[in-house]
Every structure is written in structure tokens, then in C-alpha cells.
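Heads up, the thing below is written out as C-alpha cells.
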Amino acid sequence: MSEEHNYTVTPRNTEEKEKMLKRLKRIEGQVRGIQKMIEEDRYCVDILIQISAIESALKQVGFSVTERHMNHCVADAIRKGEGEASIDELMKVLRQFGK
């Protein structure tokens, strides 16, 4: 896993947390569903459709986290004169999404 940073962050509000956790729990359920489908020797195409749905849901979570990061963390870094480093860090992470 990647390294973690100890930067000051703007805490997510309760609504943001609940929405994101709800989506992640739904994804977790979908993954368990795929496990069951494999155990039951379900049709490959049905499994692939579920995998695609999970990938899409994870991308949406990633976009949500990215948007929040840009609007709070990167914007704050820019105001503090540390924008270039913050943008470089974000771009490095975003490149991993394309792999």
C-alpha cells in the first residue's frame, strides 16, 4: 500500500461520511455477491457484469474523494503557497488510476 501523510485535513462532515460509507458498504456487498456467484459456478458474463459495476462504483468513490481533495486540501495548499507540491502529489496519484 502507499505511504500515508500526516497533513492537516479538513474533516468530512457527517453527511459526507455517511454517503461515502454507504456506497463503500454497497460495494463490499457486491464483492461478496461475486464470491457467491463464483462458488455457485454462475455464468461468466453475469460475473463480469458485476465486476464492471463494482469498478464503476469504485471510480465514483475515487472521483468524490478527488473532488473533495481538490476543493479543500489543494485549494488550501495553494493559498499557503504550497500549491505546486500539492498538485504534483495529486497528479502522481491520479496517474495510478490510469494503470
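Distance between the pseudo-spin-label points of Arg42 and Asn13 (7 Å out from Cα toward the beta carbon): 3.7 nm. When the alpha carbon gyration tensor of the range 37-80 is reduced to an equivalent ellipsoid, the three semi-axes, largest first, read 39, 7, 5 Å. Against the main long axis of the alpha-carbon atoms of the chain, helix 44-69 sits at an angle near 10°.
Only DSSP H runs of four or more residues enter the estimate; each adds -39500 (n - 2.57), and after division by the residues of the chain the mean residue ellipticity at 222 nm equals -24500 deg cm²/dmol.
Result for the chain in a Gaussian network model with C-alpha springs under 10 Å: among Lys22, Lys80, Lys59, the largest mean-square fluctuation is at Lys80.
We did not get these values from a lab; they are worked out from the coordinates using the rules stated. On a predicted model such as this, the values are computed, not experimentally measured, just so you know. Don't worry about glycine lacking a Cβ; one is built from the backbone with ideal geometry, like all the others, and counts go over all protein chains shown.
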